[in-house]
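Novice: Before we start, here is the structure in question, set down as structure tokens.
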Amino acid sequence: MSENMKEHYIARLREVAEKERRLPKKSDFSVEDMNRIKGLFGPWPWCLEAAGLKESKQEQRKQKNFEKRRRGKLRRTEEVNENV
């Protein structure tokens, strides 16, 4: 049943986007629908990503975090080498 609900709400998000010619807003849906949508997909940006209306930033986040960890490791290595 959950998959059918997901498909239903993805279709609803896409319908609103097409009709309004913009990304759907939370205010475009009833409180009950909003609770269901967010319960199925999580935060609003994730809902839009699931419907294919917004580019997923998950890969960008992973790359950014990887680079941050790499820079930290390099900095710590340099600090150790300076103290030797």
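Only the coordinates and a few stated rules stand behind these numbers; no lab work does. Keep in mind the model is a prediction, meaning the values are calculated, not measured. We place every Cβ from the backbone using ideal geometry, glycine too, and count neighbours over all the protein chains shown.
Novice: Tell me the relative contact order for the chain as a rounded percent, counting alpha carbon contacts under 8 Å between residues six or more apart.
Specialist: Worked out over the chain, it gives 24 percent.
Novice: Sticking with this structure for a sec: Under 13 Å from the Cβ of Glu78, count the other residues' Cβ atoms, weight Lys and Arg +1, Asp and Glu -1, and hand me the total.
Specialist: Spelling it out: positives minus negatives among the neighbours equals +3.
Novice: Separate question: Compute the distribution of all C-alpha to C-alpha distances in the chain, in bins of 5 Å from 0, and list the percent of pairs in each, rounded to whole numbers.
Specialist: The distribution over the chain is 3, 13, 19, 16, 10, 7, 7, 6, 6, 5, 4, 3, 1, 0, given as percents.
Novice: Any idea what angle helix 2-20 forms with the longest principal axis of the chain, computed on alpha-carbon atoms, 0 to 90 degrees, nearest 10?
Specialist: The helix 2-20 is inclined about 80 degrees to the chain.
Novice: What is the distance, in nm, between label points placed 7 Å from the Cα along the Cα-to-Cβ direction at Asn65 and at Trp44?
Specialist: With each label placed 7 Å out from Cα toward Cβ, I get 2.4 nm.
Novice: Could you tell me how many degrees, from 0 to 90 and to the nearest 10, lie between the Cα long axis of helix 58-83 and the main elongation axis, the longest principal axis, of the Cα atoms of the chain?
Specialist: With both axes taken from Cα atoms, the answer is about 10 degrees.
Novice: If you filter the chain for trypsin sites (Lys or Arg not before Pro), then keep DSSP loop positions with at most 14 other Cβ within 10 Å, what is left?
Specialist: Answer in residue order: Arg21, Arg22, Lys25, Lys57.
Novice: Mind scanning Lys25/Lys62; Lys19/Lys54; Lys26/Lys57 and naming the pairs with a C-alpha gap bigger than 22 Å?
Specialist: Exceeds cut-off: Lys25/Lys62.
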